[in-house]
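**Q** Can you keep this structure in mind? I'll have questions shortly.
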Amino acid sequence: MAETLLTIENLKMHFPVYRGALVRREVNRVRAVDGLSFDIYEGETLGLVGESGCGKSTTGRSIIQLYRPTEGKVVFDGKNLCDLPENELHPLRRDLQMIFQDPYGSLNPRMTVGDIIAEPLKVHKLASGKAARERVQELMEIVGLDPRFIRRYPHEFSGGQRQRIGIARALACEPRFIVCDEPISALDVSIQAQIMNLMEDLQNEFNLTYLFIAHDLAAVRHISDRIAVMYLGKMAELADGRQIYDNPLHPYTEALISAVPIPDPEVEKTRQRIVLEGDVPSPLNPPSGCVFHTRCPYAWERCAMEVPRFEQAEPGHYVACHLIDEPMRRERVKGAKAGATSEKAASPATPSSSPASPPPDAERSEEVSA
Amino acid sequence: MKSDDTSRTEHADDVLLKVRDLKTYFDTDDGEVRAVDGVSFEIKRGECVGVVGESGSGKSVCQISILGLIPSPPGRIAGGEVTFDGRDLLGASKKQLRSIRGNEISMIWQDPMSSLNPFLKISRQLIEPLQTHQGLSKEEAREKAIAMLEKVGIPGPRERIDQYPHQFSGGMRQRVMIAMALLCEPKLLIADEPTTALDVTIQAQILELIKDLRRDLGTSVIVITHDLGVVAGMADRIIVMYAGRVMEVTAADKLFESPGHPYTVGLLKSVPRLDRGHEERLIPIEGRPPDTSKPIPGCPFAPRCAWAVSKCTRERPPLFEVAPGHRSACWRASEVYQARLGSKATTARVTRVEELAGRGSINESMLAELDAEGRS
């Protein structure tokens, strides 16, 4: 097993919500990230997936201290980053870089490509003048940009090329860890593969560790060694990419995987689709117990009352779900569903939309025990 | 030269929409952009057709042109014919078009927030088309709208019909859009990236809904998407577009089994698949899409194509029929088709075939040799 690069313990990032003009008071908190614990190993790509609003970007930003977390620890090189004051954190930021989603919004339109890529070198006083220029040209070469374009401005480049500029900037001070926040989702399909291949090559060449954040499960599965699945600020499941796909333990992972269409009609015909009902609840007012219980096809009374612990179910396979204690429930519900599908086919599904409405747990658990 | 249409022995009655040589150009400062450049296809009654392409491929503009919704200027229809249910749409008056749009042809847009009026209650937006197109009274229309909301899976439709769009979530708003599109029981539903703005679990809900409704109502559906996966599970036929042109048309399973155009092969091999691990490397399509404001004399994909020969940059390939109902706009279509580079082909095999293709023409014996090599 590779060495641990980062240890994240009980990471929480809450954003306060204020009301009132004269007397501003905190009325609520958005629990964007609510108690995550996991390790990131040296040289791996850890994929982080989840739907919009589940807190995956916030997680990435809190780890590299772009947000200062509300609570918890991020241990890097034996130091807890969350405790460090800004002046002590600064030298460590060299090692922790980020690639952003929007290749248009993340590059200053008034700076030349050369200045953009040289910026981290200046900030960390690594190189200046001719040396900086040479380093920038080297970096441009590495990411597949023509070094002659050093004086051009971002608007003169296509989306894919801009993303290469962002990658060159992230590589400038030879980081060890890069948070890649949806680095390909703004790009056209034919360009996405170019960027993913580049990222893989760079990882091998410079022994980089990635946290690859994306909503596209297929892309994450392709590029990652391990995959973490988030739901509503909590970690649902974390395992090797193969385990996640072949043997998802969390009902949310199971549904997520079944919902991703596969570009092969033959495969599509044989796949069982689990269509989750309703929408993701608001992180302002997350459900009690397991945050997923309002949409979970297997939920029973315990799920609404007790928060499941994030535990190792198999070697290297972590999951937060009460089904681990009672695996038979899943089979029984599936059996009951299979019998009911023929009736259900006649009338379209009527999902419950409003997150505030009480979950139809009671009804379901009866079905289970019957 | 063109091998499309005429020879086909379809009953005219089966064809709901027929588009021939459609050209939509936009006059811009950079010159004339040929967003749609000679597109022909047809949609049969009850059929679901996927239109696949990247941004800028003209897949949306093509459908918007059919509806007569191209803003003019700068856009204009520079040529072609569109026949819907026996009627000419391009020559139709505004009044005629208005009686067809939202009534016989409906559209679902990508972004449900900006296509619903935020100032009006859902009820008003749903009732209006029924009153204009079908002459129903307000009460009848309201009842029908409530029934439709229920059909698309909105709980408590009687209460929710009096809410405003912002009170609905993204997935629910898309359901409202679908309800609105289906109210007048259209013959054709055009869905432009209906799930791109939605999360994957919500996408699954919406796709299932469109499939169910299509089965129940017998509506023809055109799904415009950049995601081959979306159409793999629901389309009967697929049209692949690139740079304003049709690259390939065929039955969905044939497209994935044995694509006839190098661009389709590129799309299949550059997209990661959830059921494949990360052992297999992606084959990116090098370069980027062409600038459609400059005239392209040959095949627009030629500069990025491993199969390209000198003819490709000079002469525009027509749609060749490589198998019954399977047409591809490539000078080497039958070679590409024979090579079976569909979703089952491994990266290694595709790379080898493309290497060989770069050197000269490919025949059956070469492929057999290659496969024997691969097995040993």
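Please treat every number below as a calculation from the coordinates, not as lab data. On a predicted model such as this, the values are computed, not experimentally measured, just so you know. Every residue, glycine among them, receives a Cβ derived from its backbone with ideal geometry; neighbour counts consider all protein chains shown.
**Q** Let me know the mean shielding of A:267-279 by other chains, meaning the per-residue number of their Cβ atoms within 10 Å of its Cβ.
**A** That works out to 5 on average.
**Q** How much of the DSSP beta bridge set in the protein assembly as shown is antiparallel, as a percent to the nearest 5?
**A** 65 percent
**Q** On to the next question. Give me the percent relative contact order of region B:260-374, please, defined on Cα pairs under 8 angstrom at least 6 residues apart. Mind dumping the intermediate values first?
**A** Details: 118 pairs, mean separation 31.2, N = 115.
Contact order relative to length: 27 percent.
**Q** Restricting the count to DSSP beta bridges whose residues both fall in chain B, what percent are antiparallel, rounded to a multiple of 5? Numbers along the way, then the final one.
**A** Details: 32 of 51 bridges.
Counting DSSP beta bridges with both partners in chain B, the antiparallel share is about 65 percent.
**Q** Given axes a ≥ b ≥ c from the Cα gyration tensor, I'd like to know whether region B:64-103 is rounded (a/c under 1.5), prolate (a/b larger than b/c) or oblate.
**A** Since a/c reaches 1.5 but b/c is at least a/b, the shape of region B:64-103 is classed as oblate.
**Q** Taking Cα centroids, how far is region A:214-253 from region A:23-74 in Å?
**A** 17 Å
**Q** Additional query: With 10 angstrom as the radius, rank B:88, B:21, B:192 by how many other C-beta atoms surround their C-beta, starting from the fewest.
**A** Final ranking by Cβ density, sparse to dense: B:88, B:21, B:192.
**Q** Local charge sum around residue B:146 (other residues, Cβ-Cβ under 14 Å, Lys/Arg +1, Asp/Glu -1)?
**A** Residues close to residue B:146 contribute a combined charge of +3.
**Q** Then there is this: Once you've got the GNM for chain A with C-alpha springs shorter than 10 Å, pick whichever of A:270, A:70, A:209 has the biggest mean-square fluctuation.
**A** Of the options given, A:270 has the highest mean-square fluctuation.
**Q** Quick one: work out Rg over Rh on the C-alpha atoms of region B:260-374, Rh as Kirkwood radius.
**A** The Rg/Rh ratio comes out at 0.97.
**Q** Given contacts defined as C-alpha pairs under 8 Å and at least six residues apart, what's the relative contact order of region B:113-183, whole-number percent?
**A** Numbers: 72 pairs, mean separation 31.5, N = 71.
Across region B:113-183, relative contact order equals 44 percent.
**Q** If you count the DSSP beta bridges with both ends in chain A, what percent of them are antiparallel, to the nearest 5?
**A** Numbers: 31 of 48 bridges.
Roughly 65 percent of the beta bridges in chain A run antiparallel, per DSSP.
**Q** Here's a follow-up. Which value, in debye to the nearest 20, describes the size of the charge dipole of region B:260-374 about its Cα centre when Lys and Arg Cβ atoms bear +1, Asp and Glu Cβ atoms bear -1, and nothing else is charged?
**A** 420 debye
**Q** Could you tell me the distance between the Cα centroids of region B:308-365 and region A:290-328, to the nearest Å?
**A** Centre-to-centre (Cα) distance: 50 Å.
**Q** Report the Cα centroid-to-centroid distance between region A:135-172 and region B:207-260 in angstrom, as an integer.
**A** 37 Å
**Q** Right, here's the next one. When Cβ neighbours within 10 Å are restricted to other protein chains, what is their mean count per residue of peptide B:194-204?
**A** 6
**Q** Treating the beta-carbon of each Lys and Arg as +1 and of each Asp and Glu as -1, no other charges, what is the dipole magnitude of chain A about its Cα centre, to the nearest 20 debye? The partial results should precede the final answer.
**A** Numbers: 43 positive and 52 negative charges, 260 e Å.
Computed charge dipole of chain A: roughly 1260 debye.
**Q** What does the net charge come to around residue B:104 if you take all other residues with beta carbon closer than 12 Å to its beta carbon, with K and R at +1 and D and E at -1?
**A** Local net charge: +2.
**Q** A further question follows. Any idea what the relative contact order of chain B is, in percent, if you count C-alpha pairs under 8 Å spaced at least 6 apart? Working shown, then result.
**A** On the way: 657 pairs, mean separation 69.4, N = 376.
In percent, rounded to a whole number, it is 18.
**Q** Return the calculated 222 nm mean residue ellipticity for chain A, to the nearest 500 deg cm²/dmol, obtained by summing -39500 (n - 2.57) across DSSP H runs with n ≥ 4 and dividing by the residue count.
**A** -10500 deg cm²/dmol
**Q** Related question: If the viscosity is 1.306 mPa s and the temperature 10 °C, what Stokes-Einstein diffusion coefficient in µm²/s follows for chain A when Rh is the Kirkwood radius over Cα pairs?
**A** Diffusion coefficient, whole number: 70 µm²/s.
**Q** By average Cβ neighbour count within 10 Å, what is the ranking of A:182-195, A:77-90 from highest down?
**A** A:182-195, A:77-90
**Q** Helix A:129-142 against the longest principal axis of chain A: what's the angle in degrees, Cα atoms only, rounded to the nearest 10?
**A** Taking Cα atoms only, the helix is inclined about 40 degrees.
**Q** Under unit Cβ charges (Lys, Arg +1; Asp, Glu -1), what dipole magnitude, rounded to 20 debye, does the protein assembly as shown have relative to its Cα centre?
**A** Here the size comes out at about 1720 debye.
**Q** Shape verdict for region A:187-238, please, from the Cα gyration tensor: rounded (a/c under 1.5), prolate (a/b greater than b/c) or oblate.
**A** Values: a/c = 2.84, a/b = 1.45, b/c = 1.95.
Taking the square roots of the gyration eigenvalues as a ≥ b ≥ c, region A:187-238 is oblate.
**Q** Separate question: Add +1 for every Lys or Arg and -1 for every Asp or Glu among the other residues with Cβ under 15 Å from the Cβ of residue A:179, and state the total.
**A** Spelling it out: positives minus negatives among the neighbours equals +1.
**Q** While we're here: What list do you get for B:230, B:36 if you sort them by fewest beta carbons within 10 Å?
**A** By the 10 Å Cβ count, ascending: B:230, B:36.
**Q** Now, a different point. Which values of log₁₀ I(q)/I(0), to two decimal places, follow from the Debye formula for the protein assembly as shown at q = 0.05, 0.07, 0.08, 0.11 Å⁻¹ with a uniform point scatterer at every Cα?
**A** -0.27, -0.55, -0.73, -1.37
**Q** What average number of partner chain Cβ atoms lie no more than 10 Å from the Cβ of the residues making up A:159-167?
**A** 1
**Q** Put +1 on the Cβ of each Lys and Arg and -1 on the Cβ of each Asp and Glu in the protein assembly as shown; which of B:72, A:58, B:19 then has its Cα farthest toward the positive end of the dipole?
**A** My answer, from the dipole projection, is B:72.
**Q** Is region B:112-152 best put as rounded, prolate or oblate by its Cα gyration tensor, with a ≥ b ≥ c the root eigenvalues, rounded for a/c under 1.5, and otherwise prolate when a/b is larger than b/c, oblate when not?
**A** Oblate shape, in that a/c is at least 1.5 and b/c is the bigger or equal ratio.
**Q** Where does each of A:290, A:173 land when they are ranked from fewest to most other beta-carbon atoms within 10 angstrom?
**A** Values: A:290 27, A:173 17.
Lowest to highest Cβ neighbour count: A:173, A:290.
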